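The values are calculated or read from the model by the stated rules, or taken from the named source; none is laboratory data. Because the structure is predicted, anything quoted here is derived from the model rather than measured. Quick reminder, even Gly has a Cβ in these numbers, built from the backbone with ideal geometry, and neighbours come from all protein chains shown. Heads up: the accessible areas ignore ligands, DNA and RNA and are worked out on the full protein's heavy atoms, side chains in. Shrake-Rupley method; radii C 1.70, N 1.55, O 1.52, S 1.80 Å.
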Amino acid sequence: MIRFVLLISRQGKVRLTKWYSPYTQKERLKAIRELSALILPRGPKLCNFVEWKGLKVVYKRYASLYFCICVDSEDNELDGLEVIHHYVQVLDRYFGNVCELDLIFNFHKAYFILDEILIAGELQESSKKSVSRVISAQDTLVENAKEQASSLSNMIAQATK
Amino acid sequence: MALSGMRGLSVFISDVRNCQNKELERARVDKELANIRTKFKNDKGLTPYEKKKYVWKMLYIFMLGYDVDFGHMEAVSLISAPKYAEKQVGYIVTSSLLNENHDFLRLVINTVRNDIIGRNETFQCLALTMVGNIGGKEFSESLAPDVQKLLISNSCRPLVRKKAALCLLRLYRKNPDVVSVDGWADRMSQLLDEREIGVLTAVMSLLVALVANNPDAYWNCVSKCVRVLERLTRSQDIPQEYTYYGIPSPWLQVKTMRVLQYFPAIDDPNIRRSLFEVLQRVLMGTDAVKNINKNNATHAVLFEALALVMHLDAEKDMMAQCVGLLGKFIAVREPNIRYLGLENMTRMLMVSDVQESIKRHQVQIITSLRDPDIRFRIIFIDLLVQCISLCSIRRRSLDLLYGMCDVTNAKDIVEELLQYLTTADFAIREELALKAAILAEKFAPDLSWYVDVILQLIEKAGDFVSDDIWYRVVQFVTNNDDLQPYAAAKARDFLDKPAVHETMVKVAGYLLGEYSHLLSRRPGCSPKEVFSIIHDKFATVSTPTKAILLSAYIKILLHSQTVDPELQNHVLAVFRKNETYLDAEVQQRASEYYALSRKGPSMVDVMAEMPKFPERQSALLKKAEDTEVDVADTSATKLRLMQLTSTAVVVADQKPANGVHPALTRVPSGQRNIEAPTVPVANGGQSPAPVDFLAIEAAPTHSAPESSPLVGPGDSLALALMDNQASTVQPTGSVTEWFDALCRKDSGILYEDPFIQIGLKAEWRGNQGRIVLFLGNKHTAPLLSVKAVILPPRHMQLLTSNVPDTIPPRAQVQCPVEVTNLSPSREIPVLDFSYNNSSAMVSFKLRLPVIMSKFLQGATLAPADYIARWKALMGPPNKLLQEVVRGVKPLPLQEMSDLLGSLHVAIAPGYDPNVNNIVGAATYFSENPTLCLIRIETDPADRTQIRLTVGTPDTSVALELKEYIKERLVDIPSGAAPTSLPGMPSPADDLVGPAASLAGLI
């Protein structure tokens, strides 16, 4: 299972974290620190897996962002690597050529999308189409609610004039 | 985007991003937290929108790593909001902010449950996601049945059911009882009939966890899993959206194969057959493709299939096929596949019957050892060490490891070998120990590491450590002053351990005897303490060791600055007691040392530290050669040995080169290669020896100890003068031959003696040249005061870089020299080199092969052009220099033309109608390039005389070149120094008068 997902920028800034095992904030910070030190200096020709505290971290760099997932030591590494790519593809589809800034300012969206791809540290949905459908349905729901609210408040505002 | 409404959040994020440093960021975050706190305090005034905004900010701050210890209530309360937009935020922030142990979660259990059992599908999804991500015992207890119902319900949409499956998995992890429902295994089996791949993937994840805990309960799922695999591998009924780069859901394939690995064995022949068909299809149908993601996905499946094949203990053929695939993987460049290939190869070794097939891939395995990724190397070394432990190929693997060791991996390999030594088979231990010792010596990154390794080796496998190994470490320590305190301290530490091997007592006794005074300031290392810790072992050790310890005692006694009367009494008592010891060696030592120590401090010099050892071939290597009997000729060990001797430290019977250090030496019985621990009598320091000592020593060297009149009964008792006749260092070959060879080629040895090797590499372009001198210290001690001065002739400009003053042991330094040729001359630069080998100064002069031909480049001209130029040179004014040369070495025409060719003159055969003549052309590069035409007329009747004509527009070039060629012809490079022969113009023959007079003038 995936223990946690980390998105770290090349400068070591955290862009997203998702923890599927109970870690305290202190342990989380420690893990982020250690893994940044372990992964960021690695050259492009090295393999995408590093061992860490009896677990394995599978990472992949996309432009300035490192996507890291920590899995159990007996898990299939390449499987994990493609989970990362799958997530990136869905993000790409949603944002249209996603970049780091998209994920910084819309980090909540990145969370929503991640929740449709992984649950409990396991792959929930491998169809990009299906994930995109669910996310756009969510967006519609939120938008509708907003319109309703604004029209209501308009009505109230007009009525109380 | 959806953030459009939340300007406050965007502003906050950019503020944080714009902070220059961590302090400013913290200040900004603290300000925001204070703001949120005040807002939440009077929460009556907060709109749902504001609440959402602040909760997002909290999550962002928390994500950055700051503690957020308030506002959880607000986040949780959003879950109970009626509207989707708020609920969604509440759920996601709660699941990220809190973990399963948080008390606040209890507050929302009811709301969550209502959402799960409610009719609103979107709410169900939110609740299931949150519970799935956060888990928790209380959720587990109160929600499991509802989640189960959703999973098996027929009315729910796939979206809900897959979330329910994973949510249940999370609850199950927390509390396995959640599925202890009657007939749950059947339910699972039915769920595997699911057509929808998304749901099936989630269900399979659940099944992995269930089966891992209790395979027996889920036997009925095996055939279903095989069927799922069949469906996937045959691409039956797989919607396009569930293929990944054309591969039917690789994740589902991997999970399904993972499930099957939890069942101990699959006995049903039908299921087994179908499964093997599936696996066969996977193994066969994997070709590497360009697209990296597709490649990864195929290989993810393939590696899982390999694991399953190994688990099922398939037929030999299939196993061999797997090994073949792995062999292919470890040969690819893609690091991920390589890494996994190696890892699986290691696992494969656990399976019997495949070791033979693995052997075939050793070449690829070896290349992996040079991988830049350190982990590759470690895995790989691990792999090989495991191979050693398997009887059938262990010899080969050890050879392999030994053969592949180099500076980059030596540390890992040696340490791994040390680890393995304690559990290794007895039959192989001695060889292991020897090889570890050799590798440690050859590739030690620093000498203290080497000492550590050898001491550990003795500790772990004392019985298998031959004397040669510890003699060698003693040699190294003696020759390296820096190492002495370290080695002594280490030796002392090892003596403290409860069970000390006798070899350890020997080496520690020796080292402490020599060097414990360097430690005297450290706690627990006073002479008295050192003595008592060594003497503790005295009673239990064998006679030869006792002899060594006695020497150690007297050294400890006489090295200590102030004589401790108590220690002296102790030591004297020990000597006294052993004067009557049964063994003659011990007896003699005891009585002699007793007498010596009674003389007091005046004897300090006698017991001085040992002088440095002369460098010689490692006896270990020799020994390794001897043990090579039963290995094939191509064995890596042998290759390694060949390499070792070529770069080798020193040749076997090297004359000792450490100057004049007469010392009384004990030569151990049967030991010639290495000087065993010795007791110097005369001052072993730097002072030159008295003349009469030298007279004694003029005796033959290595046999001297035994033939010495001082030899006592049994030659191990011998107290004899060490050989020391040679005070000058001699080169190991002919300097002239090296020089001549370098005249013809551009790289090779310039000089070599027992301490240093000077190699040379040169590149020439036009009148420029770049020479690099490689100064290699072959010795175990550093070479000091190294000086290299090049005396350039007037016509050349030389730019030399600085040579470091010291060359560390076994190190090589490079010294580049830039050469520019300014005018024609036959003079050559001379290198004035000197160094100090820590016992004597050695200096010598070497000619550098910067000869005229290095600046010549053959020129090919068309016949007509050639003749036209020749005629032009004939003048007027005549620029052809001609000379009849006598006393030429008689050479056949072809050889003479080859000789000219070797001087970089392009021969133009057939240009001269007379077959006995050779003509050629070359360009000579000095400040300006000059074209030179050359003709040699031979006389078939008398081969010892020729007429040589050199024509160039620049007569100074012609003259020098003519003389240069003449030297070559008269004295074909074979040894003698090219002292410039007196020019012998022979105007007698000259048909062209002016040329002769010109030659006479210059």
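Given that compact globular proteins tend to follow 2.2 N^0.38 Å, what is the ratio of the alpha-carbon Rg of the range B:68-143 to that value?
Details: Rg = 11.1 Å, N = 76, 2.2 N^0.38 = 11.4 Å.
Against the compact-globule rule of thumb, the ratio is 0.97.
Which values, in whole Å and largest first, are the semi-axes of the equivalent ellipsoid of the range B:748-820 obtained as the square root of 5 times each eigenvalue of the Cα gyration tensor?
Details: eigenvalues 124, 31, 18 Å².
Calculated on Cα positions only, the semi-axes equal 25, 13, 9 Å.
Can you list residues from other chains, or at least 5 along the same chain, whose modelled amide H is less than 5 Å from the amide H of residue A:2?
Placed amide hydrogens put A:122 under 5 Å from residue A:2.
Separation between the residue B:894 and residue B:799 pseudo-spin-labels, each 7 Å from Cα along Cα→Cβ, expressed in nm?
Between residue B:894 and residue B:799, the label points sit 4.5 nm apart.
Any chance you could tell me what percent of the C-alpha pair distances in the range B:853-924 go past 21 Å? Before the final figure, lay out each step's value.
Details: 791 of 2556 pairs.
Above the 21 Å cut-off, the range B:853-924 has 31 percent of its Cα pairs.
Residues with beta-carbon under 15 Å from that of residue B:226, excluding residue B:226: net charge, scoring Lys, Arg +1 and Asp, Glu -1? Spell out each step's value before the answer.
Numbers: positive: B:224, B:227, B:231, B:234, B:255, B:258, B:272, B:273, B:281; negative: B:193, B:230, B:267, B:268, B:277, B:304.
Residues close to residue B:226 contribute a combined charge of +3.
Across the range B:131-140, in residue order, what do the Karplus-derived ³J(HN,Hα) couplings come to in whole Hz, using 6.51 cos²θ - 1.76 cosθ + 1.60 with θ = phi - 60° and x for Gly and Pro?
4, x, 8, 10, x, x, 5, 5, 4, 4
Rounded to the nearest 0.05, what FRET efficiency do residue A:151 and residue B:193 have when you use their Cβ-Cβ distance and R0 = 60 Å? List each step's numbers first, then the result.
Working: r = 48 Å, r/R0 = 0.79.
The formula returns an efficiency of 0.80 here.
Considering every residue in A:16-28, what mean count of other chain Cβ atoms within 10 Å of its Cβ is obtained? The partial results should precede the final answer.
Details: counts 2, 5, 4, 5, 6, 4, 9, 1, 2, 8, 2, 0, 4.
Whole-number average of other-chain Cβ neighbours for A:16-28 is 4.
Go through the range B:780-796 residue by residue and turn each phi into a ³J(HN,Hα) via Karplus (6.51, -1.76, 1.60, θ = phi - 60°); whole Hz please, and just put x for glycine and proline.
Taking θ as phi minus 60°, the curve returns 8, 10, x, 9, 10, 5, 6, 9, 9, 10, 10, 9, x, x, 4, 7, 10 Hz for the range B:780-796.
If R0 is 35 Å, what FRET efficiency do you get for residue B:744 and residue B:328 from their C-beta distance, rounded to 0.05?
Values: r = 46 Å, r/R0 = 1.31.
Efficiency at R0 = 35 Å is approximately 0.15.
Given the pairs A:60/B:87; A:45/A:109; A:129/B:294; A:30/B:83; A:109/B:224; A:109/B:39, which span a C-alpha to C-alpha distance of over 28 angstrom in this model?
Numbers: A:60/B:87 33 Å; A:45/A:109 32 Å; A:129/B:294 18 Å; A:30/B:83 37 Å; A:109/B:224 38 Å; A:109/B:39 25 Å.
Violating the 28 Å Cα-Cα cut-off are A:60/B:87; A:45/A:109; A:30/B:83; A:109/B:224.
What accessible surface, in Å², does a 1.4 Å probe find on residue B:188, ignoring ligands, DNA and RNA and rounding to the nearest 10?
Using a 1.4 Å probe on the heavy atoms, I get roughly 0 Å².
Percentage of Cα-Cα pair distances in the range A:2-160 greater than 28 Å, rounded to whole percent? Let's see the in-between values first.
Working: 3497 of 12561 pairs.
Everything past 28 Å amounts to 28 percent.
Determine, at each q value in 0.18, 0.20, 0.26 (inverse angstroms), the log₁₀ of I(q)/I(0) that the Debye formula gives when each Cα of the range B:1-70 is one equal point scatterer.
The Debye formula, applied to the Cα set alone, gives -0.69, -0.84, -1.29.
What full-extension length gain, to one decimal in nm, is calculated for residue B:284 and residue B:827 as 0.36 nm per residue of separation minus the Cα-Cα distance? Could the numbers behind the result be given before it?
Details: separation 543, 0.36 × 543 = 195.48 nm, distance 7.08 nm.
Here the answer is 188.4 nm.
To the nearest Å, what is the center-to-center distance of the range B:487-535 and the range B:901-947, using C-alpha atoms only?
Here the two parts' Cα centres lie 75 Å apart.
Would you mind telling me the share, in percent, of accessible area of the range B:241-344 contributed by carbon and sulfur at probe 1.4 angstrom?
Working: 2050 of 3880 Å².
Result for the range B:241-344: 53 percent of the exposed heavy-atom area is carbon or sulfur.
What FRET efficiency comes out for the pair residue B:272/residue B:292, r = Cβ-Cβ distance, R0 = 35 Å, nearest 0.05?
Numbers: r = 35 Å, r/R0 = 0.99.
Taking R0 as 35 Å, the efficiency between residue B:272 and residue B:292 is 0.50.
Given the alpha-carbon gyration tensor of the range B:921-963, what are the semi-axes of its equivalent ellipsoid in whole angstrom, ordered largest first, with each equal to the square root of 5 times an eigenvalue? Kindly include the intermediate steps, with their values, before the conclusion.
Working: eigenvalues 126, 16, 9 Å².
Square roots of five times the eigenvalues give 25, 9, 7 Å.
Can you give me the angle between helix A:77-95 and the longest principal axis of chain A, using Cα atoms only, in degrees from 0 to 90, rounded to the nearest 10?
Its long axis makes an angle of about 30 degrees.
Please report, for the Cα atoms of the range B:143-228, the Rg to one decimal and the Dmax as a whole number; what are they, in angstrom?
Cα only, the range B:143-228: 11.7, 32 Å (Rg, Dmax).
Students often get this wrong: which residues of the range B:481-512 have the backbone nitrogen under 20 Å from the point 7 angstrom along Cα-to-C-beta of residue B:448?
B:481-496, B:508, B:511-512
Quantify how much of the Cα-Cα distance distribution of the range B:275-351 extends past 19 Å, in percent. Write down the numbers at each step before the final one.
Working: 806 of 2926 pairs.
Above the 19 Å cut-off, the range B:275-351 has 28 percent of its Cα pairs.
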